[in-house]
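> To start, I am sharing the structure in question, which I have written as structure tokens.
The values are calculated or read from the model by the stated rules, or taken from the named source; none is laboratory data. Small disclaimer: the values here were computed from a predicted structure and weren't measured. Counting neighbours? That spans all protein chains shown, and the Cβs are built from the backbone with ideal geometry, glycine included.
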Amino acid sequence: MIVSVLAVALCVSRPAWAALGNFDPGENSDSAKARTDTTLSEILTMVESGTPIEKPTGTGAVDPCTWYPGSLVNYLINSKEPSRRVDADGISSTLYARMCPGAEITWYWIRAADPKQLVTAATVQARSRLPTPRGVFSPDVTHGGRAIVHVPVWFAVDVTQWAPISAVAAVPGLSATVTAKPDRLELDPGDGSPAVSCAGPGQVLAPGTDVSSHAPACSYRYLDASTVASNGHAWRAQLHLHWQITWTATNGDGGTLDPIITTTAYDIPVGEIQALENAGTVTG
């Protein structure tokens, strides 16, 4: 089918150029007329489906013409004409060929949809999929345990949360993918001190390890017991997971977006170990 239709192209000495949304200077009247036969969305639907579609006249007549990517037709007719271009406003266009029985091929530059709206839609999807951090603390302050002043509290997240998450938004002819990648983990201890952070999901204390013998990047030492906190019980800490956001589109565009932070709040009780010194001996 496509071979017989493309045979028409061998008789074409020079294509009649047409454009959607603006005329090329050398466009002839036949091309201008053909331009109004199909809307942009219908053209893109035609290219994707490969089957005839109805004209937008409301008559129900079936369009006998078929649409093909210009790069394919140019290849088959050994033409060096470009099949992609970037317009003055920065939006890229792709060449398509409209082939009708017994008629000359008509060429259309189809402007790509603006990827910005797709990026926005994909970002909303990606944001909705981002998990809030599931904190893993050593000592386990979330299940009845407590931290001790001057002894480091290790904080981490489940490694399954340290993975990229992507979302895609698409229209016929263009799609955009937004990807969120975990960047760093941060703990706001809630006692008025600056937040501390580390690159990575943090370390989980191995059984039998002395928590005071090592202080990884993802750790914090409380200097005051939580009895002086506003609630008299625990410091209201916040664990933040920072995400780097990037996007790419099928038209070759791409870039970075503002980072996203997901947060979970934790009450961290902090106690003191009282020590008495008698005759040079320290007892607790």
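> Can you go through Ala147, Ala122, Ala88 and tell me which one is surrounded by 21 or more Cβ atoms within 10 Å (Cβ to Cβ) and within 27 Å of Ala169 (Cβ to Cβ)?
Ala122
> Go over the candidates Lys116, Lys80 one by one and state the one that is of a type in the set (Lys, Arg) and either farther than 26 Å from Gly255 by Cβ or at pLDDT below 80 (or both). Spell out the reasoning first.
Details: Lys116 fails: either farther than 26 Å from Gly255 by Cβ or at pLDDT below 80 (or both).
After applying the criteria, what remains is Lys80.
> Filter the stretch 98-116 for residues that are touching a Leu at 6+ places or on another chain (Cβ under 7 Å) and of a type in the set (Gly, Ala, Ser) and give the result.
Once the filter is applied, which keeps residues that are touching a Leu at 6+ places or on another chain (Cβ under 7 Å) and of a type in the set (Gly, Ala, Ser), the stretch 98-116 yields Ala112, Ala113.
> A further question on this structure: Could you check the stretch 99-154 and list, in sequence order, the residues that are assigned to a loop (DSSP other than H, G, I, E, B) and in contact with a Ser or Thr (Cβ under 6 Å, 6 or more places away or on another chain)?
Listed by number, the residues that qualify are Ala112, Leu130, Thr132, Pro133, Val151.
> Let me ask something additional. Pick out the one residue from Thr246, Thr177, Thr256, Thr250 that is buried (at least 19 other Cβ atoms within 10 Å of the Cβ) and within 22 Å of the chain's Cα centre (by Cα).
After ruling out the rest, the residue left standing is Thr177.
> Can you tell me which of (1) touching a Ser or Thr at 6+ places or on another chain (Cβ under 8 Å); (2) at pLDDT 95 or above is the one Pro259 doesn't meet?
Result: Pro259 fails condition (1) only.
> Another question, then. Return the only residue of Ala113, Ala195, Ala176, Ala147 being under 19 Å from Thr246 (Cβ atoms) and either among the aliphatic types (A, V, I, L, M) or in contact (Cβ under 8 Å) with a residue 24 or more places away in the chain (or both).
Only one candidate passes the filter, namely Ala176.
> Ser193 passes all but one of (1) part of a strand (DSSP E or B); (2) surrounded by fewer than 16 Cβ atoms within 10 Å (Cβ to Cβ); (3) modelled with pLDDT of 95 or more; which number fails?
(1)
> Does the stretch 208-225 include one or more residues that are within 30 Å of Lys116 (Cα to Cα), at pLDDT below 95, outside any strand (DSSP E or B) and of a type outside the set (Ser, Thr, Tyr)? Quick ask: steps written out before the conclusion?
Quick first cut of the stretch 208-225, residues within 30 Å of Lys116 (Cα to Cα) only: none.
The answer is no; no qualifying residue exists.
> Okay, next question. Somewhere in the stretch 236-248, is a residue assigned to a loop (DSSP other than H, G, I, E, B) and in the same structural domain as Val136 (by TED's automatic domain parsing)?
Among the residues of the stretch 236-248, not one is assigned to a loop (DSSP other than H, G, I, E, B) and in the same structural domain as Val136 (by TED's automatic domain parsing), which makes the answer no.
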